[in-house]
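Novice: Take this structure, written in structure tokens, and hold onto it; I'll ask about it next.
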Amino acid sequence: MEERITYPEINSFLRSTIKREDGFLRDLEKYAEDNHIPIIQPETAALLKVLIGIHKPERVLEAGTAIGYSAVIIARAMGTSGTVDTIEIDEDMAEAARKNIEIMDLSKRIRVLQGDALEVMECLDTAYDFIFLDAAKGRYIEYFDHAIRLLRPGGLLVSDNVLYKGLVAQNQKVVHKHRTIAVKLKEYLQLLCHDERLKTSIIPIGDGLAVSLKRS
Ligand code: SAH
Ligand code: MG
């Protein structure tokens, strides 16, 4: 049973309302489940699709590609134009993502940048309309300055896993293995919620999503 950030009955109800992916995306979900790859949950995907529909980004940056599942969801939600640059540290994972993106016929719109998210972000200097952080959870604070720098005024920063299995909200009881990440995520949320340049809302779906709008 996966760990949850809200009441199980609310979660299963929300899950039951969602129209699930089919075809190759469904295959990717199955592959991710079998191989313990933490792709975005259906509720998170549904919210991303709505945010992208409202915000209409032309250029998206993602940190944490894994097998390319969320990059494909995002690119499709953008319609038939617009690009996604997505960063993945693991070479095999990046290669698998490129193959999956090719199969989805999105190679022209999704660019997989293999490397450490911080190092790659340091090298980027063109503005993005939308940034999705979904890489090393303990390192979001390090990504933050570059994410703000790379985000255009009025851009959206969406950070995944910010409630981390619910552990961020219950620091006392957290076992050592997860404590550092929980503490760091809490600090990250403080940063997001108190930064003058942003308006942030934390949404308890999936593994917790922070949505931050950069002042225009
Ligand atoms: N966004 C994906 C899931 C990403 S899982 C989806 O929803 O489909 C997190 C990924 O981040 C893993 O593949 C992991 O290898 C990668 N990662 C971890 N640390 C990283 C880092 N420092 N830089 C870039 N990628 C990193
Ligand atoms: Mg995630």
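Bear in mind these aren't lab numbers, they're just calculated from the coordinates by the rules spelled out. All of these numbers come straight from a predicted model, not from anything done at the bench. With ideal geometry, Cβ positions are generated from the backbone for all residues, glycine too; neighbour counts draw on all protein chains shown.
Novice: Could you tell me the distance between the Cα centroids of region 97-176 and region 48-87, to the nearest Å?
Specialist: About 12 Å separates the Cα centre of region 97-176 from the one of region 48-87.
Novice: For residue 199, go through the aspartates and glutamates and keep the ones whose alpha-carbon is under 17 Å away, minus same-chain ones fewer than eight residues off.
Specialist: Residue 199 reaches 129, 145, 160, 187.
Novice: Continuing with this model, one more query. As a test of understanding, state the convex hull volume per residue of region 8-214 from its alpha carbons, in Å³.
Specialist: Output value, Cα hull per residue: 124 Å³.
Novice: By average Cβ neighbour count within 10 Å, what is the ranking of 142-150, 128-136 from highest down?
Specialist: Packing order, densest peptide first, comes out as 128-136, 142-150.
Novice: Please report the antiparallel percentage of DSSP beta bridges with both residues in the chain, rounded to the nearest 5.
Specialist: 35 percent
Novice: Within 14 Å, Cβ to Cβ, of residue 210, how many net charges do the neighbouring residues add up to if Lys/Arg are +1 and Asp/Glu are -1?
Specialist: 0
Novice: Ok, one more. Going down the list 19/108; 165/186; 19/56; 137/177; 137/184, which pairs span over 18 Å between their C-alpha atoms?
Specialist: Pairs exceeding the cut-off: 19/108; 19/56.
Novice: Mind checking which of 103, 141, 39 has the largest fluctuation in a GNM of the chain, springs on alpha carbons under 10 Å?
Specialist: Per the Cα network of the chain with a 10 Å cutoff, 103 tops the list.
Novice: Which peptide among 115-121, 41-47 comes first, and what is the full order, when sorted by highest mean count of other Cβ atoms within 10 Å?
Specialist: Averaged packing, sorted descending, gives the order 41-47, 115-121.
Novice: Based on the mean of other beta carbon atoms within 10 Å per residue, what is the order of 161-167, 48-54, most packed first?
Specialist: Top to bottom by mean Cβ count within 10 Å: 161-167, 48-54.
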